[in-house]
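The values are calculated or read from the model by the stated rules, or taken from the named source; none is laboratory data. Please read all numbers here as calculations on a predicted model, not as lab measurements. Using ideal geometry, Cβ is built from the backbone for each residue, glycine included, and neighbour counts are taken over all protein chains shown. Side chains included, ligands, DNA and RNA excluded: accessible areas come from the protein's heavy atoms. Shrake-Rupley method; radii C 1.70, N 1.55, O 1.52, S 1.80 Å.
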Amino acid sequence: MTTAVPAPAAPAEVSPVPQPHRPTRPARPPQPQRARRSGGRDRRRGDRPRWGVRIAAGLSLVVLVSGAVGHAVMTGLDTGIERVDPFKDMKNRPQAGHGVNFLLVGTDGREKITPEEKREYRLGGAPCHCTDTIMLVHISADKERASVVSLPRDSYAEVPAHRDLVTGKDHGAHPVRLNAAYAEGGPGLTVRTVENMTRVKIDHYLEVDFTSFMKTVDAMGGVEICTVKTMRDPNTGLDLLPGTHRLSGGQALQYVRSRHVDGASDLGRMQRQQRFLAALIKEATSGGMLLNPVKFKQVSSTLLGSVRADRDFGSEQMLALGQAMRDFTPSSSEFASVPVGDASYKVKGIGSTVKWDEPKAAKLFESLRSDRPLAPARPGRAANATATAAAARPVPVPVDVAPQAIRVQVENGTRIDGLGGRVDEALRTTGFDTTRAPGNGAGRDVKRTVISYDPRWDRSARTVSTALPGSELRAVTGQGRTVLVIAGADYKKVVPVRPEDPYQGEVGVVTGDQVVCGG
C-alpha cells in the first residue's frame, strides 16, 4: 500500500477554491463606506464565496497538518522491523488485481516468552518452527472493505521445487500440509505455495509470533470478546464463562489457539481467530485509536517492532492503512474459510490432510482477485417471502458441535436398496460433512441405527445422534475423528440441528458486525 501523505509546507496543496459567482479579475480599490451600505444584498452575496474560500482553506490546512503530524509521529518506526524478502527470485506469479493483498502468518515462536508466561498460558514444549495461522487479507481498492480468508494449516498443498532451509538439500515439487511449507522454505516458500494454490498475488507479507501478538493486544488495552457458552480448553488453559470478557494479550492468545472447546477442532479455532480479528478491528476503529496519533504510534511501534515483514512494508504503509480504516465499521470487515471438500484426505507419508473443495475455493479466490465482496448483500423487504417459507420449516435442534465440523461415513446395515445413499444425502443436506460414498455394512440385518465413534469425539457423536433420533451410540477406541453411521431398518428421517453458538461452525461468509459483541 503506497498512499502518499502530503507535506504541510507544500503551497500547491492548499490552492484556493475558485469563486463560484464571478471569474477571477484584477483587484480593485476598496469601495467607499457609503457605497457598501447602499449595496447590502450584493455585499452578502459577495461575502459568501470569500468565507467559502477561507473555510475550505482552513479545512485543507487541518487535513495537511494532521497528516503531517501523523507522518512525523510514525517516522523512524521502520528501524525496528525485522525484514524478510519472501518475493526474492519469484517467477510466474499471478497477475495483480485491484486492491492490496496481505499474507498474514502466525508462527509458533516461543523463544522470547518468559517462563512465567509459559506456565500461565500453557506454552510449554518446543516450538514447531511452522505456521500456526495463515490468513489472506484483502483491502479493497476503495479502502472501504477488508476481506479475510482463513487457510487451514493442515490443507493439502504441493510445494514447488526449492532448497530446504534446514538441510540445504534441493527438493522437487511434492505434497505437504500447508504449514510445513514454512518449515522447509520459510516465508518465500510459503508465499509461493499460497500463490500457486489461490492464484492471488500477494503484495505484502506479515509474520507475527506469540510474543508480538500478546504485546500488541496489551498495547491496545485488551480486546472485548463475547461467548454464548462456557469455553474451557485444558491444553491452553482457556476458561471463559458465558458473557462479555476483555482479554489481555495472554488470554487472547489462549482464545485464538484453543482447539478443544467445541469439538470443531481447527475449523472452530479458525472461526475464533476471525471473531477475534473482527473484535480487534472494532476496538481500533471505534475506540479512537486511529484518530489519536500518540496511541496509534504506541500500538504500531509495538506491532512493527516485533514482527517480520517484507521490505516494502513500513511506517508509511502502516499510516496509510490506519487512515484507510478510519471510516471502517464492524460491517466493513468480512470473514470466510476456504470451503473444504474432504476434512480427512489421506496422503501417503503425511497422514490426514484437509482437501479443499476446488470449484468453491476457486470462486472464493476469484472474488478476491476481482475485488468483489465475499458476503452477499443483506436481504431487504424482498426477502420477506423467503423468510415466511423458512419459518414453516422445522426448527433446528441446538447441539454442542456444528454439523459442518463433523465428518460422517454412512453404511447400509439393511437389505433396503439405496438406504445408505438416502441417509448420506439427508445428513449432508442438514449440514454434516459426509463422505458422499456410502457403503454396505458387514451385516444386513441391523434393526436400530448405530453410531460408531471414537471416545475423543464424543460430542460430535452426540450431535449425530440428535440428528438421528432413536439411534444407538457405540464407542470404538482408535476409530479416529470420522463418525460411522450404520443405517438400520428403523431409519425414518434426519432431524435438522444447529450449533448453540450461531456462528460456531458456520462455513459461509460473515461480516464483523455479526460476530462482535452486540452484533
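Can you tell me which residue in the stretch 323-338 is farthest from Thr511 (Cα to Cα), limited to those that are of a type outside the set (S, T, N, Q) and open to solvent by 20 Å² or more (accessible area, probe 1.4 Å)? Even if it seems obvious, please write down each step before you answer.
Initially, the stretch 323-338 is screened for residues of a type outside the set (S, T, N, Q), giving 324-328, 330, 334-336, 338.
Next, only the ones that are open to solvent by 20 Å² or more (accessible area, probe 1.4 Å) stay: 325-327, 330.
Values: Met325: 15, Arg326: 18, Asp327: 16, Pro330: 7 Å.
Looking at the filtered set, the residue picked out is Arg326.
Looking at Arg462, is it of a type outside the set (S, T, N, Q), at pLDDT below 95 and under 30 Å from Met270 (Cβ atoms)?
Values: of a type outside the set (S, T, N, Q): yes; at pLDDT below 95: yes; under 30 Å from Met270 (Cβ atoms): yes.
Yes: the conditions hold for Arg462.
If you check Ala320, Ala279, which single one turns out to be open to solvent by less than 50 Å² (accessible area, probe 1.4 Å) and more than 30 Å from Asn235 (Cα to Cα)?
Values: Ala279 fails: more than 30 Å from Asn235 (Cα to Cα).
Checking each option against the conditions leaves just Ala320.
Provide a single number: the residues in the stretch 76-103 that are open to solvent by 50 Å² or more (accessible area, probe 1.4 Å), at pLDDT 85 or above and in a strand (DSSP E or B).
1
Examine the stretch 291-314 for a residue that is open to solvent by 20 Å² or more (accessible area, probe 1.4 Å), out of contact with any Pro (no Cβ under 9 Å at 6 or more places or on another chain) and modelled with pLDDT of 85 or more, and state whether such a residue exists.
Looking through the stretch 291-314, at least one residue is open to solvent by 20 Å² or more (accessible area, probe 1.4 Å), out of contact with any Pro (no Cβ under 9 Å at 6 or more places or on another chain) and modelled with pLDDT of 85 or more.
Among the residues of the stretch 439-469, write down those that are within 16 Å of Ser344 (Cβ to Cβ), open to solvent by 50 Å² or more (accessible area, probe 1.4 Å) and in contact with a strand residue (DSSP E or B) (Cβ under 9 Å, 6 or more places away or on another chain).
Within the stretch 439-469, just Trp457 meets the criteria.
Out of (1) of a type outside the set (S, T, N, Q); (2) open to solvent by 20 Å² or more (accessible area, probe 1.4 Å); (3) closer than 26 Å to Lys355 by Cβ, the odd one out for Asp239 is which?
With (1) of a type outside the set (S, T, N, Q); (2) open to solvent by 20 Å² or more (accessible area, probe 1.4 Å); (3) closer than 26 Å to Lys355 by Cβ applied to Asp239, the lone miss is (3).
What residue, among those in the stretch 415-445 that are part of a loop (DSSP other than H, G, I, E, B), hydrophobic (A, V, I, L, M, F, W, C) and under 17 Å from Val494 (Cβ atoms), is nearest to the chain's Cα centre (by Cα)? Don't jump to the end; show me each part of the working.
Step one: list which residues in the stretch 415-445 are part of a loop (DSSP other than H, G, I, E, B), which gives 415-418, 431-432, 435-438, 441-445.
Narrowing further to those that are hydrophobic (A, V, I, L, M, F, W, C): 416, 432, 437, 442.
Among the residues that remain, those that are also under 17 Å from Val494 (Cβ atoms) are: 416, 432.
Numbers: Ile416: 45, Phe432: 23 Å.
Looking at the filtered set, the residue picked out is Phe432.
Mind checking whether some residue in the stretch 421-431 is touching an Asp or Glu at 6+ places or on another chain (Cβ under 8 Å) and either hydroxyl-bearing (Ser, Thr, Tyr) or modelled with pLDDT of 90 or more (or both)? Before the answer, list the steps.
Let us first name the residues in the stretch 421-431 that are touching an Asp or Glu at 6+ places or on another chain (Cβ under 8 Å), namely none.
There is no residue in the stretch 421-431 that is touching an Asp or Glu at 6+ places or on another chain (Cβ under 8 Å) and either hydroxyl-bearing (Ser, Thr, Tyr) or modelled with pLDDT of 90 or more (or both).
Has the stretch 369-377 got any residue that is at pLDDT 75 or above and closer than 18 Å to Leu178 by Cα? Even if it seems obvious, please write down each step before you answer.
Just the residues of the stretch 369-377 that are at pLDDT 75 or above, to begin with: 369-375.
Filter once more, so that each one left must be closer than 18 Å to Leu178 by Cα: none.
No - not one qualifying residue is present in the stretch 369-377.
With respect to Leu368, determine if the residue is open to solvent by less than 20 Å² (accessible area, probe 1.4 Å) and out of contact with any Leu (no Cβ under 8 Å at 6 or more places or on another chain).
Working: open to solvent by less than 20 Å² (accessible area, probe 1.4 Å): yes; out of contact with any Leu (no Cβ under 8 Å at 6 or more places or on another chain): no.
For Leu368, the condition - open to solvent by less than 20 Å² (accessible area, probe 1.4 Å) and out of contact with any Leu (no Cβ under 8 Å at 6 or more places or on another chain) - is not met.
Taking into account only those residues within the stretch 155-167 that are open to solvent by 40 Å² or more (accessible area, probe 1.4 Å) and more than 12 Å from Asn196 (Cβ to Cβ), which is nearest to the chain's Cα centre (by Cα)?
Among residues in the stretch 155-167 that are open to solvent by 40 Å² or more (accessible area, probe 1.4 Å) and more than 12 Å from Asn196 (Cβ to Cβ), the one nearest to the chain's Cα centre (by Cα) is Tyr156.
Just for strands (runs of 3 or more DSSP E) wholly inside the stretch 238-354: which have at least 2 residues that are more than 16 Å from the chain's Cα centre (by Cα)?
On the way: elements: 238-240, 243-247, 307-310, 333-337, 340-347.
Where strands (runs of 3 or more DSSP E) fall fully within the stretch 238-354 and carry at least 2 residues being more than 16 Å from the chain's Cα centre (by Cα), they are 238-240, 243-247, 307-310, 340-347.
When you scan the stretch 261-275, how many residues do you find that are modelled with pLDDT of 85 or more and either farther than 25 Å from Gly431 by Cα or open to solvent by 30 Å² or more (accessible area, probe 1.4 Å) (or both)?
Selection size over the stretch 261-275: 0.
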